[in-house]
Amino acid sequence: LHSTLYTLHSTLSLSRSVTAPNPVMLSFVIAAILSGAASAFQPQLAPWHHAHVHAQPPPRVSPLQSSQSGGEDSDSTDVVAELDDDRRANLFQSMLRDLQIENVPLLGCDAREVHTMNAALWTTMSELSETDEAQKVCMIMEEIPMDALKAFAADYSNLLSQPRLIDELPELRRIGVSLLGKGVGPALVIETIERSAAEDLAEKKARTAVEDTLDEYRCTAALKSFVDRLVIGLEACPYTKSPELSATGLEARGVTPGPVAYRYSKSSDACAAVASFWTSVCELLSVPESDISTTLLSLPAIGPGKSPEAHARFAAVVELISRNLCLFRGDGVFGLVHFHPAYDRDQIHPADKPAFGHLPPMSFLRPMLRLNGNVEAVESLTDDELFLSNYQRRSPHTMINILRVSQLNAAVGAKSIVNLELDDGRMEKASGITLYSRNAIRLAGQGKVKLQAALDKEIDMSLKGA
């Protein structure tokens, strides 16, 4: 259990790949490649610290501070809260010893921030998810506030009870996450049941089949072609002038242009996708914008293809990622932009309300055009022509653009959020009025045949043997 199998620092320093590790053993190290930078996430903790996960014996636990909120079970939580610090510490150590007797690996993690915590948790979950055997580990995080651990466990439990999402994330059904002893100490227990049912084994086999057909070089080349054609050629983003450089033209507003980081994971597993996302977040937070301005994270095995089923899988995975980021107020630090070959805003939940990382609802487009002064376009463009607005998010494979909020604020200004009157009389908050209006008009002018032909060429470019 003392072998180190995964070092996030090495992966990011030596390769552009952020593929999740192979599940050889449960012991691994996550190095968060960070030092001395102030945390941007809530809760605010100590300065950046390297986060290591390692197997360990039960630690000498100092008296634990009482947490102030939440719990898996109110009665059990009340009992725990009534214990004094010494009794809680002793009970915590006793539970850890019991786990050791059961041969459950105890993984100590010295993460001090929620982003390194999430990287450690989701990477562990991805390792367990990759194997078919029933497994159980305990992750001890003494530097993370109990409220953060409670939030993670509670939200994951809620996720498992939501059929709309979990039906598209079947691999998560066999993974459970709970607080050790209902929160008696800073530890989470991650447990999987055996993947033995024929339908579960068939699902995994079908899902993972695409992984061996993927090539990082081809996928990245196809993505750069998409950026060059649509983001730059059609000026879908006015502050990107090259596939290699972003945030240009914002110098007067205090933003330094920097390289675009292309990151890649070929795993089809949802946990691995979330782990790769948090890996990219840790990297972005570890360097200045002059070193990495923005990250394009390719996830080509997540919802591959253009079928409705592929789109539903994509939508569920990126919602999981957005949900996990927003749970810890990360939406105040990063903006996300989601892409898929068959991107259809009408099939994103909720269809008639804003969704983090997605285009505005299609019902917003005509009111946006009207507010932007494009009266002629409001009257002349058909619904089919406005539907082509989806092509600004149709990339050759699933991809997430991770943007620094500081750059977004500089680009759109303080008055970007406005009240938008919809055609049914409702008032909704909306932003990006000028950009989305301009893009809708330009994409309508391109026409579906031209847009789809260019996209199909990029999809072919990303395939082996093409």
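Consider L180 carefully, then state whether it is open to solvent by less than 10 Å² (accessible area, probe 1.4 Å) and either without any contact (Cβ under 8 Å) to a residue 60 or more places away in the chain or not hydroxyl-bearing (S, T, Y) (or both). Judged against the criteria, L180 is not a match. Among residues of the range 74-101 that are more than 20 Å from D147 (Cα to Cα), those with a beta-carbon under 9 Å from a residue that is at pLDDT 90 or above and open to solvent by 40 Å² or more (accessible area, probe 1.4 Å) at least six positions away or on a different chain give the pairs L99/K136.
Yes or no, residue by residue, for (1) of a type in the set (F, W, Y); (2) in contact with a His (Cβ under 8 Å, 6 or more places away or on another chain); (3) under 20 Å from R438 (Cβ atoms):
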| position | (1), (2), (3) |
| --- | --- |
| F226 | yes, no, yes |
| P243 | no, no, no |
| V274 | no, no, no |
| L285 | no, yes, no |
| D291 | no, no, no |
| L297 | no, no, no |
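Is it fair to say V227 is assigned to a helix (DSSP H, G or I), in contact with a Pro (Cβ under 9 Å, 6 or more places away or on another chain) and more than 23 Å from L107 (Cα to Cα)? Here the answer is yes, as V227 does meet what is asked. The range 331-437 holds strands (runs of 3 or more DSSP E) entirely within its bounds, and those carrying 2 or more residues that are open to solvent by less than 20 Å² (accessible area, probe 1.4 Å), closer than 30 Å to E309 by Cα and touching a Gly at 6+ places or on another chain (Cβ under 7 Å) map to 334-339. State whether the residues of the range 450-460 include one that is within 22 Å of the chain's Cα centre (by Cα), under 21 Å from K306 (Cβ atoms) and either without any contact (Cβ under 8 Å) to a residue 40 or more places away in the chain or open to solvent by 10 Å² or more (accessible area, probe 1.4 Å) (or both). No, every residue in the range 450-460 fails to be within 22 Å of the chain's Cα centre (by Cα), under 21 Å from K306 (Cβ atoms) and either without any contact (Cβ under 8 Å) to a residue 40 or more places away in the chain or open to solvent by 10 Å² or more (accessible area, probe 1.4 Å) (or both).
The single condition among (1) within 21 Å of L320 (Cβ to Cβ); (2) modelled with pLDDT under 95; (3) in contact with an Asp or Glu (Cβ under 7 Å, 6 or more places away or on another chain) that T256 does not satisfy is (1). Summed over the range 225-251, residues that are within 14 Å of L408 (Cα to Cα) and open to solvent by 30 Å² or more (accessible area, probe 1.4 Å) total 5. Applying the condition of being modelled with pLDDT of 95 or more and of a type in the set (K, R) to the range 111-168 and asking which residue is surrounded by the fewest Cβ atoms within 10 Å (Cβ to Cβ) yields R164. Selection of the range 192-209 for residues being open to solvent by less than 70 Å² (accessible area, probe 1.4 Å) and assigned to a loop (DSSP other than H, G, I, E, B) yields R195, A197.
If the condition is being open to solvent by 40 Å² or more (accessible area, probe 1.4 Å) and in contact (Cβ under 8 Å) with a residue 40 or more places away in the chain, then the range 210-224 contributes T213, D215, E216, R218. Of the residues making up the range 387-405, at least one is at pLDDT below 95 and not basic (K, R). Could you tell me whether R323 is among the charged types (D, E, K, R), buried (at least 19 other Cβ atoms within 10 Å of the Cβ) and outside any strand (DSSP E or B)? The answer is no for R323.
The values are calculated or read from the model by the stated rules, or taken from the named source; none is laboratory data. Please read all numbers here as calculations on a predicted model, not as lab measurements. Positions of Cβ are backbone-derived with ideal geometry, glycine not excepted, and every protein chain shown enters the neighbour counts. When the accessible area is computed, the model is the full protein with side chains, heavy atoms only, and any ligands, DNA or RNA have been set aside. Shrake-Rupley method; radii C 1.70, N 1.55, O 1.52, S 1.80 Å.
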